[in-house]
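Structure first, then comments.
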Amino acid sequence: MSDDRTDSRPIPVPPLPDAGPFRTGYFKSPLRGPWLSSLLSSALLPLIVICALTGFLSHAAYQPDLGENGLFDEGVDLYFFDWPTSPAWLYAATQGLHIITGLAAIPILLAKLWAVIPQLFERPAVRSAAHLFERLGLALLVSGALFVFATGVLNIQIYYPFGFSFVPAHYFGSFVFLAGLVLHVVSKVGVMRDAFRQQGVLAPLRDDLEHTEREPDLEGRRTAVPGNPAPATMTRRLLIGTVGAGSVGLAAMGTGQVVGGPLRNLAFLAPRGENAGDGPNDFMVNKSFEAVDIRMEEVGSSWRLALETDGKPGPMLSRDDLMGMELIEADLPIACVEGWSTTQRWSGIRLTELARMAGAEGAAEVEVRSLQKGGVLRKATLTRGQLEAPDSMLALKVNGVDLSLDHGFPARLIVPALPGVHNTKWVKKMVFKT
Amino acid sequence: MKRFRYEYGDSPVHLLAALVCFAVSAWALVQVFGAVGMPLNVVKWLVGSLVLHDLILLPVYAGLGVLAARVLLRGRPRDRLRIAALNHLRVPAILAATAFLVWYPMILAKSNPGFERTTGLTKDAYLGRWLLLCAVLFVGSAVIFAIRARGLRAKA
């Protein structure tokens, strides 16, 4: 099943010049061929599948069906379940995997594009209707892939040279990428099968330099095997080993940001590769107090937590009122969509206790609002399951001391397995809906 | 079936996959143009990333590789020692360049202006760290080459 077969009705297209990269024999590396492309693809495909699935899971974890959690109109709803609260490290794990597999895929993707570049310049440009469709699909696949990887890599470094909003672009871009990928897999699975059957899956890795020659042709298929190759200066195992080392190195950096502790030093080129210090409030900040539009007096002694149920105002609680209540304690991670996380020991008031005080026992959802005036993530709406999870709390203290301003003093939300930014800081109001 | 294959160039499954691919892509593009605020920039980045990679980045790095091979192997294309030297340059260069490509916003301190104020992190440490990585890769590779070179000379 492949348009690489040559027995089909030709399509009349203007001929390409026999010059430059279009010239037969322009590409000389003996390493290029269907086996190399197939091996790289078989490493790439599982990484992309995990990256895509965890990406869509992250979208679901934001619970975009509630309140204004959805940052954009998704066109269709792709979430079928409430995001769980157990295990508490669930979001750290899924989003960590998203970033780690994405980073690990980059060197393999680049190698793969290098391996197949001769086919961009193949002549004739179009051989059949199927070939035309396949090439259009490839344009979608490659531009979609580069777009999604580039925007993702820039986002985790908090650099936005593209101007458009990241979340919808990365989300919808992935549909273009994956749609192109499906067509590509359907087109090329036969090439992979034939190449592995003919040459073995790993056998070409055993060749030393003397035995590194061009790949054999695949009967009836056009491939990237050069017609007139230069002698090899690199074995296939060295090429694959180098790509693998790059991939493992980037994965290690991603892992360091997620796992933390001594492993965090692995992420020495990533923004969250440093341990912030030894103090109880010395851990990573996504958004500092200085960077938000909250005045000091708003978080001073006049601060009150306002509770509201179905439009009816409830009690206003000072921080002293809250500190006088029963505090629970739990070790919970903050896990950022950017692929870093940090676990701390929090203490605060159980959310169900606050619901009880607001007269909203068994509430269906709660919207938690920050003192922040701007920014789409200044509030978050929780599901009933998140509200009722035993460790969900309005935290007042961390690691035995008061929260610092950067970590959300006077009070912040901490919910197990909730995406980091939804753990609203500088909480002003909780609005329950029964 | 044979007729279909001849006219289309592949199986009906391929045609179905192609139509699904184009329909999903068209839908996603319509959605993204509506959602992001700057539709023209999205097109620029979609097409631009393709052009930048396929027609600029790849030819440049492949060209550098060919150039390095020409210089090092001039007149002695099958000299094992020289080929080894070439690879002991190429491998650290590929790894250092990949690290740069992925982390250049950190390395060149390009993150958003509010980065330091917002996160409390520094932007200045990364160029030094990347240079250190380069040093470790190239020096490490050179040391391994020096050890291997004895064996290669002995064989030759």
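The values are calculated or read from the model by the stated rules, or taken from the named source; none is laboratory data. Everything quoted here is computed from the prediction, not taken from an experiment. Neighbour counts are summed over all protein chains in view; Cβ atoms, including those assigned to glycine, are modelled from backbone coordinates with ideal geometry. Heavy atoms of the whole protein, side chains included, go into the accessibility calculation; ligands, DNA and RNA do not. Shrake-Rupley method; radii C 1.70, N 1.55, O 1.52, S 1.80 Å.
Accessible area per residue for the stretch A:1-68 is 46 Å², calculated with a 1.4 Å probe on protein heavy atoms, without ligands, DNA or RNA. Spin-label pair B:VAL47-B:ALA109: with each label point 7 Å from Cα along the Cα-Cβ axis, the two points sit 3.6 nm from one another. When the accessible areas of A alone and B alone are added and the area of the pair subtracted, with a 1.4 Å probe, the result is around 6600 Å², both sides summed. Inter-label distance, B:ALA26 to B:PHE4: 2.1 nm, where each label sits 7 Å from its Cα along the C-beta direction.
Extension gain for A:ARG123 to A:ASP321 (0.36 nm times residue separation, less C-alpha to C-alpha distance): 63.5 nm. Each label was represented as a point 7 Å from its Cα along the Cα-to-Cβ direction; for B:ILE56 and A:ASP18 these points are 3.3 nm apart.
Determine the per residue accessible area of the stretch A:149-299 with all protein chains present and a 1.4 angstrom probe, expressed in square angstrom. Spell out each step's value before the answer.
Working: 6380 Å² over 151 residues.
So the stretch A:149-299 comes to 42 Å² accessible per residue, rounded to a whole number.
Measuring between their Cα centroids, the stretch A:157-194 and the stretch B:26-54 lie 12 Å from each other. Annotation: for a label point projected 7 angstrom from Cα along Cα→Cβ of A:ARG9, residues of the stretch B:1-28 with backbone N closer than 14 Å are B:1-10.
Other protein chain C-beta atoms within 10 Å of residue C-beta, averaged over A:412-420: 0.
Determine the order of A:ASP77, A:ASP320, A:ASP402 by accessible area, beginning with the largest, at a probe radius of 1.4 Å. Intermediate values should be presented prior to the final figure.
Numbers: A:ASP77 100, A:ASP320 125, A:ASP402 75 Å².
So, going from the largest accessible area down, we get A:ASP320, A:ASP77, A:ASP402.
Computed on protein heavy atoms with a 1.4 Å probe, the accessible areas place B:TRP130, A:TRP83 in the order B:TRP130, A:TRP83, largest first.
In the stretch B:54-97, what percent of the accessible surface is made up of carbon and sulfur (1.4 Å probe, ligands and nucleic acids excluded)? Numbers along the way, then the final one.
On the way: 1830 of 2550 Å².
In the stretch B:54-97, the share of accessible area belonging to carbon and sulfur is 72 percent.
Between the amide H of A:GLN344 and those of A:LEU332, A:ILE334, distances stay under 5 Å, these residues lying 5 or more places away or on another chain, with hydrogens modeled in the peptide plane. For the protein assembly as shown, taking Cα atoms only, Rg and Dmax work out to 27.7, 89 Å respectively.
Measuring gaps between exposed loop sites in chain A (chymotrypsin sites (Phe, Trp or Tyr not before Pro); DSSP loop; at most 11 other Cβ atoms within 10 Å), the longest gap, sites not included, is A:82-434.
For chain A, what is the calculated [θ] at 222 nm in deg cm²/dmol (nearest 500), taking -39500 (n - 2.57) for each run of four or more DSSP H residues and dividing by its residue count?
Values: 8 runs with 157 residues, N = 434.
Value at 222 nm, helices only, nearest 500: -12500 deg cm²/dmol.
May I ask you to derive the FRET efficiency for B:LEU64 and A:ASP278 from their Cβ-Cβ distance with R0 = 51 Å, giving the value to the nearest 0.05?
Numbers: r = 45 Å, r/R0 = 0.89.
With R0 = 51 Å, the Cβ-Cβ based efficiency is 0.65.
In the full protein context, the stretch A:355-407 carries 38 Å² of accessible surface per residue, based on a 1.4 Å probe and ignoring ligands, DNA and RNA. Using a probe radius of 1.4 angstrom, the carbon and sulfur fraction of the accessible surface of the stretch A:41-164 is 71%. When the Gaussian network model of chain B links Cα atoms closer than 10 Å, the mean-square fluctuations of B:LEU16, B:LEU50, B:LEU133 top out at B:LEU16. Label point of B:ARG76 set 7 angstrom out along Cα-Cβ; within the stretch B:133-156, amide nitrogens under 13 Å from it belong to B:152-154, B:156.
Each residue was assigned an accessible area with a 1.4 Å probe, and for B:LYS110 the value is about 90 Å². Heavy-atom accessible area with a 1.4 Å probe sorts B:VAL20, A:VAL415, B:VAL91, largest first, into B:VAL20, B:VAL91, A:VAL415. Inter-chain Cβ neighbour count for A:69-76, averaged per residue, equals 3 (cutoff 10 Å, partner chain atoms only).
From the cross-link list A:LYS373/B:LYS44; A:LYS188/B:LYS44; A:LYS425/B:LYS123; A:LYS379/A:LYS433, which pairs have alpha carbons spaced over 23 Å apart? Don't skip to the end; give the middle numbers.
Details: A:LYS373/B:LYS44 33 Å; A:LYS188/B:LYS44 29 Å; A:LYS425/B:LYS123 25 Å; A:LYS379/A:LYS433 15 Å.
Beyond 23 Å between Cα atoms: A:LYS373/B:LYS44; A:LYS188/B:LYS44; A:LYS425/B:LYS123.
Comparing the chain by itself with all protein chains present, which residues of the stretch A:145-173 are at least 50 Å² less accessible (probe 1.4 Å)? By number: A:LEU146, A:PHE147, A:GLN157, A:ILE158, A:TYR159, A:PHE164, A:PHE172.
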